[in-house]
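Computed from the coordinates by the stated procedures, all read-outs in this text should not be read as laboratory data. Source: prediction; values computed, not measured. Cβ atoms come from the backbone with ideal geometry, glycine included; neighbour counts cover every protein chain shown.
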């Protein structure tokens, strides 16, 4: 999935080209103005020029403001490795993925409307990558799976629970630092 940037500031002259040192490594993104290449954006990895046509409403606003046509190129971010997607567990998969797992399992109880949950999602993704092969990480949407949340007494979210051999071993409530979660995880590895 790619996200479209809202705006990119490009100077009106080609002064950017002159200001780039010759040793600058070119990235996959070119700074374009009026269809002309004026330099590269060396600091932005994961961005690339995307030539899919803009929607009519967006193109008309954009062309009025910055003089681009309906077929203009856009810069999109494809930095997929920066945010790891933690798989979801549901009521149907709870027993097989969590309770019957041979490894310790970390489960994040969350809801889409919860701001602190969105803050801790990247940490859970990092932990999933850090402990790959040693521990499994899942997320459970409490709005969709309220019977599991009720069974484990979830009263506030985010709540992170660690399971080992089918038993709940530890609980951490709230958006806590990564070090707090790491300390809790290390006890059960």
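Exposure proxy shown here: for 160, 185, 120, the number of other Cβ atoms within 10 Å sets the order, fewest to most, as 185, 120, 160.
Taking label points 7 Å from Cα along the Cα-to-Cβ direction, residue 176 and residue 150 give a separation of 2.7 nm. Each of 167, 108, 91 was scored by other Cβ atoms within 10 Å of its Cβ. Arranged with the fewest first, they read 167, 91, 108. What does the C-alpha gyration tensor say about the overall shape of region 94-186? Classify as rounded when a/c is under 1.5, otherwise prolate if a/b is larger than b/c, or oblate. Oblate, because a/c is 1.5 or more while a/b does not exceed b/c.
Taken along the Cα-to-beta-carbon direction at a fixed 7 Å, the label points for residue 91 and residue 183 span 3.6 nm.
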